[in-house]
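Below is one structure; the comments refer to it alone.
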Amino acid sequence: MSEMKDVRVTLAVAAILNAFLEGMGQAQYGYKLMTETGFSSAKVYQILARLVTAGWLIRHDDPDASPASGGPPRITYTLRPEAVPRARRAVTTARAPLEAAPQKRRFTLPGFQPGVVTGWDT
């Protein structure tokens, strides 16, 4: 395997990585990540492509498997085992400022807490 490259970890990247960490060992696919995070398909697939290129994720193309809707074959992604420590650090680092924010203005990020809507808590 090629060497893993550094990735600029934005809050969106951290949310996607968090979804992989919560579903450790399970293959993830774009639509599921979109529903979990509330991000657009463009944002999710851009992040997935960046993480694959950097060597953090493995992309699985299965031409024989297609979703029940009859659409194109589903592409799934898994977090490389050697990327797990980096992913944990990235999520922890991204989460720290959010958790340190005053309670009145704490910003919640989808993917960090199931069922939480993006925005300012009041």
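The values are calculated or read from the model by the stated rules, or taken from the named source; none is laboratory data. Because the structure is predicted, anything quoted here is derived from the model rather than measured. Cβ coordinates were reconstructed from backbone atoms using ideal geometry, including for glycine residues, and neighbour counts include every protein chain displayed.
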Report, by residue number, each residue of region 21-32 that is outside any loop (DSSP other than H, G, I, E, B) and touching a Ser or Thr at 6+ places or on another chain (Cβ under 6 Å). Tyr29
Can you tell me which condition Gly111 does not meet? The list is (1) more than 15 Å from Gly30 (Cα to Cα); (2) modelled with pLDDT under 90, and all the others hold. (1)
Consider region 1-20. How many of its residues are outside any loop (DSSP other than H, G, I, E, B) and in contact with a Leu (Cβ under 7 Å, 6 or more places away or on another chain)? 5
Of all residues in region 33-44, count the ones that are in a helix (DSSP H, G or I), more than 10 Å from the chain's Cα centre (by Cα) and in contact (Cβ under 8 Å) with a residue 12 or more places away in the chain. 1
Consider Ala42 against the criteria (1) out of contact with any Phe, Trp or Tyr (no Cβ under 8 Å at 6 or more places or on another chain); (2) surrounded by 15 or more Cβ atoms within 10 Å (Cβ to Cβ); (3) modelled with pLDDT of 90 or more: it satisfies all of them except one. Which criterion is unmet? (2)
